[in-house]
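Down below is the structure, laid out as structure tokens.
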Amino acid sequence: MRVELNYGKGTLPVDLPDDLDVKIIRRPTMPVVADPKAAMRAALAKPVGAPPLKELARGKKSCCVLICDLTRPVPNGLILPILLRELLDAGMKPDQVRVLVATGLHRPNEGAELAELVGDPWVLQTFKVENHFARNDQDHVDLGASLRGVQFKLDRRFVEAELRIATGLVEPHFMAGYSGGRKVIMPGVAHADAIRRFHSAEFMEHPSARNCVLDGNPLYEVQLAVLKALGGAYGVNAVIDDHRRLSFINFGEIVASHLAAVAHIRGFAELPIDRRFATVLTSAAGYPLDRTYYQTVKGMVAPMDILAPGGELIVASACSEGMGSREFIDAQKRFVAQGPEAFLDSLKAKQRADIDEWQTEMQLKPMRVGAIRLYAEGLKGEQRGLTGVSMIDDLGAAIAASVKRSGDRRIAVVPEGPYVVPQYRPHA
């Protein structure tokens, strides 16, 4: 049989022998919004736990709208024009409204990449669209509060706006439970020091800092405390299906509206599976998430609960932009040189993580369960050794070798990668 994995801007076909017992793990068919523009307008007119946007905007002299960076396929081309025109209709002027890319510690999106991210030329021509730079001290405001050693410092452009709106995509997140909502603020527009503490081993090694978990998750606890210190905000929350079509959209008070979006997606993203597999084949979700090895780690973590101890996790990711940041490459070098245990011990000794080493730390989690095999055409030469996993050039051969080693012809395939979180439930 042939399976198609999300890969780059398309799919990667993999032919599997007919004598394998293959379980394809996909999201159930999601409802699709018939008229996305009408749904967006309705969301702004009937918010969750808040007045309509026009009422919120009336009389305001400043507004900051956060958008995610290019690592997430948020339908900004739908959301932003309608949202921003609503602000203008409420009496705000274009120069009173700012769109801010919530980069966290990722690189900025500029030029053609920014145009792709925003998705609408009118928005770029009419409003200030800028990037957040977490390392610029002068760009941030200390909110005068902290929790778990995280000082609440956020981008002043957002803090000082009279109307604060965060837009985002709600999907499983491998450490924060679910993306979108409050996560677009913290760490999206937080200071580097806050982000580094927020991603320290004290947080990353907590058993509740994982996919689809909000209750008891220390990251979520800090995010809620940041919102309280900030004085609140509003959110636009989008959910898309496996074809990137809109399945759900709402607007409202940022926590309540986000939880409503989470409630919508849980039944599609969290899939109970009644057994574990010695061979699991998956992806890193395709473009834009699989552009770097840094983001590919999410594809390794998502299916780890259904990987049998000592099994093999085979991941396909385009990695068209290579490894990722210089800091992440440095972390991978240390990990490869020191080995997993010594590397993790070095992280536990720090109050603040070095930038991007938390992604290497997350990679250790599936490595504790089994072996990782990676198919990544974009990684060349020295980069392949820096992954710390086994590189492969033939998915079919890797699957056959895994089945032969285990003696188990049952395999699981998760074509969408981290957009789906299989959960081992023996009595499901």
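The values are calculated or read from the model by the stated rules, or taken from the named source; none is laboratory data. Since the structure is predicted, the reported quantities are computational estimates derived from the model, not experimental observations. Every residue, glycine among them, receives a Cβ derived from its backbone with ideal geometry; neighbour counts consider all protein chains shown.
Quick notes on this one:
- Given (1) touching a residue at least 60 places away in the same chain (Cβ under 8 Å); (2) buried (at least 19 other Cβ atoms within 10 Å of the Cβ), number of the condition PHE343 does not satisfy: (1)
- Residue in region 288-298 that is at positive phi and not in a helix (DSSP H, G or I) present: no
- If you filter region 95-152 down to residues that are in contact with an Asp or Glu (Cβ under 9 Å, 6 or more places away or on another chain) and of a type in the set (Lys, Arg), you find that the one that is farthest from HIS191 (Cα to Cα) is LYS128.
- Qualifying residue in region 206-220 (condition: of a type in the set (Lys, Arg) and either in the same structural domain as LEU364 (by TED's automatic domain parsing) or in a helix (DSSP H, G or I) (or both)): no
- Within region 173-187, the only residue that satisfies the criterion of being β-branched (Val, Ile, Thr) and either within 9 Å of the chain's Cα centre (by Cα) or part of a helix (DSSP H, G or I) (or both) is VAL184.
- Odd one out for THR296 among (1) surrounded by 24 or more Cβ atoms within 10 Å (Cβ to Cβ); (2) under 30 Å from PHE152 (Cβ atoms); (3) in contact (Cβ under 8 Å) with a residue 40 or more places away in the chain: (2)
- Pick from region 95-111, criterion closer than 30 Å to ARG58 by Cβ and surrounded by 14 or more Cβ atoms within 10 Å (Cβ to Cβ), ranking: nearest to the chain's Cα centre (by Cα): ALA102
- Total residues in region 289-321, condition among the hydrophobic types (A, V, I, L, M, F, W, C), under 17 Å from GLN359 (Cβ atoms) and either at pLDDT 95 or above or not assigned by TED's automatic domain parsing to the domain that holds ALA376 (or both): 8
- Of all the residues in region 223-258, those that are touching a residue at least 40 places away in the same chain (Cβ under 8 Å) and under 15 Å from LEU169 (Cβ atoms) number 19.
- Among the residues making up region 112-129, those that are without any contact (Cβ under 8 Å) to a residue 40 or more places away in the chain, surrounded by fewer than 17 Cβ atoms within 10 Å (Cβ to Cβ) and within 24 Å of the chain's Cα centre (by Cα) are ALA112, ALA115.
- In summary, strands (runs of 3 or more DSSP E) completely within region 1-71 and bearing 3 or more residues that are in contact with a Pro (Cβ under 7 Å, 6 or more places away or on another chain) and either of a type in the set (A, V, I, L, M, F, W, C) or closer than 23 Å to VAL420 by Cα (or both) occur at 2-7.
- Only one of the listed residues (HIS206, HIS199, HIS243) is surrounded by fewer than 20 Cβ atoms within 10 Å (Cβ to Cβ), modelled with pLDDT of 95 or more and of a type outside the set (Phe, Trp, Tyr). That residue is HIS206.
- Annotation note: Cβ proximity below 9 Å between a residue of region 143-155 that is in a strand (DSSP E or B) and surrounded by 24 or more Cβ atoms within 10 Å (Cβ to Cβ) and a residue that is at pLDDT 95 or above and aromatic (Phe, Trp, Tyr) (sequence gap 6+ or interchain) occurs for VAL150/PHE198; VAL150/PHE203; ASP155/PHE133.
- Out of VAL48, VAL74, VAL33, VAL65, sole residue that is crowded, with 17+ Cβ neighbours inside 10 Å, β-branched (Val, Ile, Thr) and within 19 Å of GLU160 (Cα to Cα): VAL65
- Residue identified as touching a Lys or Arg at 6+ places or on another chain (Cβ under 9 Å), at pLDDT 95 or above and in a helix (DSSP H, G or I) among LEU78, LEU83: LEU78
- Single unsatisfied condition, ASP274 versus (1) out of contact with any Gly (no Cβ under 6 Å at 6 or more places or on another chain); (2) of a type outside the set (Gly, Ala, Ser); (3) more than 30 Å from GLY396 (Cα to Cα); (4) surrounded by fewer than 22 Cβ atoms within 10 Å (Cβ to Cβ): (3)
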